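The values are calculated or read from the model by the stated rules, or taken from the named source; none is laboratory data. All values derive from a computational prediction rather than experimental measurement. Because the Cβ atoms are built from the backbone with ideal geometry, glycine has one as well, and the counts that use them run over all protein chains shown.
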Amino acid sequence: MPSLSAQTPIIVWFRQDLRVGDQPALTAAVQSGAPVIPLFILDKKVAGNWTPGAASRWWLEGSLMALDKDLRSRGSRLILRWGNSQEVLESVAAKTGASGVYFNRHHEPFFVEEELAVATALEQEGLMCRRFGGGVLLFEPEMVRTKAGGQFRVFTPFYKACLVSKEIKPPLPEPISIKAPPVWPDSEILTGWNLRPSGLGWTKGLCNHWKQGSDQASTILNLFLEKGVRTYPEDRDRPDREGTSILSPYLHFGEISPRQVWHQTRLRSNIRPDLNKGSNAYLRELIWREFSFHLLHHFPKIADEPFNPAFKSFAWKDDVQALSAWQKGMTGYPIVDAGMRQLWQTGWIHNRVRMIVASFLTKHLLIPWQDGARWFWDTLVDADLANNSASWQWVAGCGADAAPFFRIFNPILQGRKFDPTGTYVRKWVPEIVNLPNRVIHAPWESGIYVDGYPRPIIDHRLARQRALNVFKNMRTETERLR
């Protein structure tokens, strides 16, 4: 077994854990007393078939800038390299005399394969590799099991098991200083990676809506706990209100850890008991994130294939024109179009509206959930393989703990219930800004048609019945083949 020397550097390999606080690999390296070389590698093979989309790459640049700033304030810096991860790690170790590589465990299928292969290869080269849990999740996927020792397939039992499991460890403190190596290895220039391509209109919208980094994540969390968490159970479904924490991209890139969110939320509710209801509802959503990773870890094919195998024979439609109308926010249904335009202009979409637009694509239009997941993957700044896959399958009806297929969101009623004054749709669909509240979610029902805004591309009642018929036929065929 290779051994470490306090005089030889340790490479800390950053990936989707771009922070200095509650960073297990970085903390262990600092505590060893050895010089530390923080390293980020841009590997175009990352995630295999799920290479980060355009919005994720845009976010990454700002996140790396913020991380480098945090490291420099502690006497360190972030080294950037492009290339094959194993080859880069071997090269940096050889040039710096590093004797170890520390990194936090990740759970996407590609990352799992990559880190095991890298660790094996580096140890054969005489380097010590240490892989740490606790950097991405509250619970490692193997920790939460059914009473029979198996994997959960339904969220509520999983949630209850998490609540009674071992106490969640408190976050690790931020290091005050980080020992630098005698000589720094060469680093590439971040802007040379072209993560933020010019000429794309949506990049201006992203810049106007987001600021990356751990400091910003902490500010957002504190503001939410101060002003938003108390009304979270009521406001979380209202896209016309600022009722959510919008921390999802910061969690995805590891600018804040789930343990930091969990403990700060619990601490605040202990001080203010009136926040308990909202805190519990909010932390339940954090455990939904855990459940999604649990599913991806144990059933890694869910990113591409239906969890329910019966849906492999489902009669999805290949409708390029309808898919394009959905992507552009031109379906004629205001709540759907508002959500898709919010997504395009900000890289984010309200959670209730995510469900509405996903249901519309998969059930009104019968377009495969994979097409929707791919579009979200490219346009969401919080595009997360576990959450994206599990949530799309949940709405489509083919996933674990799925919404029944006969639960088809009515976009008109959803708009009237969760955006009753039309505030949300007016913001994102300016063509209908002057319509009265009573007709704004279905103007055509009152014989109102607005120039420049399309009529509905499909009738809700007909689409609903068509979807139910297709589902019934699939179920009948599945039973016949048993």
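Residue by residue through region 26-74, note down the ones that are farther than 16 Å from ILE176 by Cβ and of a type in the set (Ser, Thr, Tyr).
THR51, SER56, SER63
Of all residues in region 86-111, which are assigned to a helix (DSSP H, G or I), surrounded by 15 or more Cβ atoms within 10 Å (Cβ to Cβ) and touching a residue at least 60 places away in the same chain (Cβ under 8 Å)?
LEU89, VAL92, ALA93, THR96, PRO109, PHE110, PHE111
Only one residue in VAL136, VAL144 is within 21 Å of THR27 (Cα to Cα) and touching a residue at least 40 places away in the same chain (Cβ under 8 Å). Which one?
Exactly one of VAL136, VAL144 is within 21 Å of THR27 (Cα to Cα) and touching a residue at least 40 places away in the same chain (Cβ under 8 Å), namely VAL136.
Please give the number of the condition TYR250 fails out of (1) buried (at least 21 other Cβ atoms within 10 Å of the Cβ); (2) touching a residue at least 40 places away in the same chain (Cβ under 8 Å).
Every listed condition holds for TYR250 apart from (2).
Yes or no: region 383-402 includes at least one residue that is out of contact with any Ser or Thr (no Cβ under 9 Å at 6 or more places or on another chain), surrounded by fewer than 21 Cβ atoms within 10 Å (Cβ to Cβ) and closer than 21 Å to ASN308 by Cα.
So far as region 383-402 goes, yes, one or more of its residues are out of contact with any Ser or Thr (no Cβ under 9 Å at 6 or more places or on another chain), surrounded by fewer than 21 Cβ atoms within 10 Å (Cβ to Cβ) and closer than 21 Å to ASN308 by Cα.
If the Cβ limit is 6 Å and pairs must be 6+ apart or interchain, which residue in region 311-325 that is at pLDDT below 95 pairs with which residue that is not in a loop (DSSP other than H, G, I, E, B)?
Every condition considered, the pairs that remain are PHE314/MET474; ALA315/VAL470.
Criterion first (more than 21 Å from the chain's Cα centre (by Cα) and closer than 26 Å to PRO170 by Cβ) does ASP22 satisfy it?
no
The rows are residues; the columns are (1) closer than 18 Å to ASP237 by Cβ; (2) more than 26 Å from the chain's Cα centre (by Cα); (3) in a loop (DSSP other than H, G, I, E, B); (4) of a type in the set (D, E, K, R).
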position	(1), (2), (3), (4)
ASP371	no, no, no, yes
ASP378	no, no, no, yes
TRP392	no, no, no, no
PHE406	no, yes, yes, no
ILE412	yes, yes, no, no
HIS441	yes, yes, yes, no
ILE448	no, yes, yes, no
ASN469	no, yes, no, no
LYS472	no, yes, no, yes
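Of the conditions (1) part of a helix (DSSP H, G or I); (2) charged (D, E, K, R); (3) touching a residue at least 40 places away in the same chain (Cβ under 8 Å), ASP237 fails just one. Which one is it?
Result: ASP237 fails condition (1) only.
Look through GLY228, GLY254, GLY213 and report the one residue that is over 17 Å from the mean Cα position of the chain (by Cα) and among the small types (Gly, Ala, Ser).
GLY228
Condition test on ARG77, is it surrounded by 15 or more Cβ atoms within 10 Å (Cβ to Cβ) and basic (Lys, Arg)?
Values: surrounded by 15 or more Cβ atoms within 10 Å (Cβ to Cβ): yes; basic (Lys, Arg): yes.
Considered against the rule, which asks whether it is surrounded by 15 or more Cβ atoms within 10 Å (Cβ to Cβ) and basic (Lys, Arg), ARG77 comes out as yes.
Could you check region 343-369 and list, in sequence order, the residues that are without any contact (Cβ under 8 Å) to a residue 60 or more places away in the chain and part of a loop (DSSP other than H, G, I, E, B)?
ILE349, ILE367, PRO368
Does region 113-131 hold any residues that are within 23 Å of PRO24 (Cα to Cα) and either in a helix (DSSP H, G or I) or in the same structural domain as ILE287 (by TED's automatic domain parsing) (or both), and which are they?
Our first condition is that a residue be within 23 Å of PRO24 (Cα to Cα); within region 113-131, this holds for 113-123, 126-131.
Within region 113-131, GLU113, GLU114, GLU115, LEU116, ALA117, VAL118, ALA119, THR120, ALA121, LEU122, GLU123 meet the criteria.
Residue pairs, Cβ under 8 Å, 6 or more apart or interchain, first in region 151-167 and closer than 16 Å to SER292 by Cα, second part of a helix (DSSP H, G or I) and small (Gly, Ala, Ser). List them.
PHE152/ALA161
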